[in-house]
Amino acid sequence: MKNIILMGPPGAGKGTQAKLLISKFNLPHISTGDMFREAIKNKTPLGVIASQYINDGHLVPDDVTIGLVKERLSQEDCANGYILDGFPRTIPQAEALTALTKEIGREIDFVINIDTPKEMLVERIGGRRVCKVCGAPFHIVTRKPKVDGVCDVCGGELIQRKDDNEEALNTRLEIYTKDTKPILDYYESLGLLKSFDGTIGAENLLKEISKLLEAK
Ligand code: AP5
């Protein structure tokens, strides 16, 4: 089974790898960040809560996030595998996920950590542009769209995310170090963690991760 978590700091390349992996392995992509941004765009009650936290780089409270993932992971399309991106982000979320996946018989098989140095994260986030319609990530230098400002995937407009400014990024990096990084030790102790070099380019990284997924 391919029940996968993608981990790494903001800008490590989780969303990029998730999008490459879903087309290769045909798995549903569960990104809590994308779910929150969609809810904010549609002005739903969840979006109203999330917008109080997300734009300045703070975490949405655990109870809201855990409930959202519980509902999504229980859906039928996750029965044969899934890719979690951006969840878990705190130890309580990781523990809740262990209990939840056990309860529904969809336990984690791989925790893939994308290890990328801080200087590179700042460069990547500063140059990132995302599609307003489908969320596909691009970069003004390293992953340019074929036509400037236009998404290669769906033709949507490319924009900068509201939380991709220096102040919010600093908050996100601090929270990552304090709340999220300790989860790596948790998964190491469960024998599930595998770390990859996030500096090698998206296609090369895809090949390395694919080798791990195909070997099992
Ligand atoms: P989320 O959307 O999950 O953001 P994040 O974790 O900060 O990660 P990013 O999306 O910024 O980066 P990424 O690693 O996906 O990088 P990408 O592939 O785009 O969360 C946003 C917010 O939602 C949180 O701050 C929080 O408020 C809330 N939230 C979400 N989940 C939550 C949870 N569980 N609990 C509480 N709150 C939660 O790549 C970045 C750039 O680099 C792109 O331009 C890309 O083209 C380029 N790039 C990628 N890979 C490579 C490569 N290998 N080589 C060269 N360039 C590359």
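Assorted remarks:
- Search result, residues across segment 165-201 that are exposed (fewer than 14 other Cβ atoms within 10 Å of the Cβ) and of a type in the set (D, E): E166, E167, E174, D185, D197
- Segment 152-164 - residue that is within 12 Å of the ligand (Cβ to nearest atom) and open to solvent by 30 Å² or more (accessible area, probe 1.4 Å) and, of those, farthest from D34 (Cα to Cα): D152
- Here E76 fulfils each of the conditions (1) within 20 Å of N3 (Cβ to Cβ); (2) of a type in the set (D, E); (3) surrounded by 13 or more Cβ atoms within 10 Å (Cβ to Cβ) apart from (3).
- Some residue of segment 136-144 being farther than 21 Å from R89 by Cα, open to solvent by 80 Å² or more (accessible area, probe 1.4 Å) and of a type in the set (A, V, I, L, M): yes
- Count - residues of segment 34-65 that are over 15 Å from the mean Cα position of the chain (by Cα), of a type in the set (A, V, I, L, M) and closer than 15 Å to T90 by Cβ: 1
- Verdict on R172 being part of a helix (DSSP H, G or I), within 13 Å of the ligand (Cβ to nearest atom) and in contact with a His (Cβ under 7 Å, 6 or more places away or on another chain): no
- Residue pairs meeting the criteria (Cβ under 7 Å; at least 6 apart or on separate chains; first assigned to a helix (DSSP H, G or I), in segment 43-56; second among the aromatic types (F, W, Y) and near the ligand (Cβ under 10 Å from one of its atoms)): A50/F36; I54/F36
- Counted residues, segment 46-63 - those being exposed (fewer than 15 other Cβ atoms within 10 Å of the Cβ) and either under 26 Å from D185 (Cα atoms) or touching a helix residue (DSSP H, G or I) at 6+ places or on another chain (Cβ under 6 Å) (or both): 4
- With respect to the conditions (1) surrounded by fewer than 18 Cβ atoms within 10 Å (Cβ to Cβ); (2) more than 9 Å from the ligand (Cβ to nearest atom); (3) modelled with pLDDT of 95 or more, I112 falls short on a single one, namely (1).
- Filtered residues of segment 6-34 (kept if near the ligand (Cβ under 8 Å from one of its atoms) and surrounded by fewer than 19 Cβ atoms within 10 Å (Cβ to Cβ)): D34
- Every pair of residues 6+ apart whose Cβ atoms lie under 8 Å, when the first sits in segment 1-14 and is under 21 Å from D56 (Cα atoms) while the second is part of a loop (DSSP other than H, G, I, E, B) and near the ligand (Cβ under 7 Å from one of its atoms): G8/G198; A12/G198; G13/G198; K14/G8; K14/G86
The values are calculated or read from the model by the stated rules, or taken from the named source; none is laboratory data. From a predicted model like this one, the values you see are computed outputs, not experimental measurements. Neighbour counts are summed over all protein chains in view; Cβ atoms, including those assigned to glycine, are modelled from backbone coordinates with ideal geometry. What goes into the accessible areas is simple: the full protein's heavy atoms, side chains included, and nothing from ligands, DNA or RNA. Shrake-Rupley method; radii C 1.70, N 1.55, O 1.52, S 1.80 Å.
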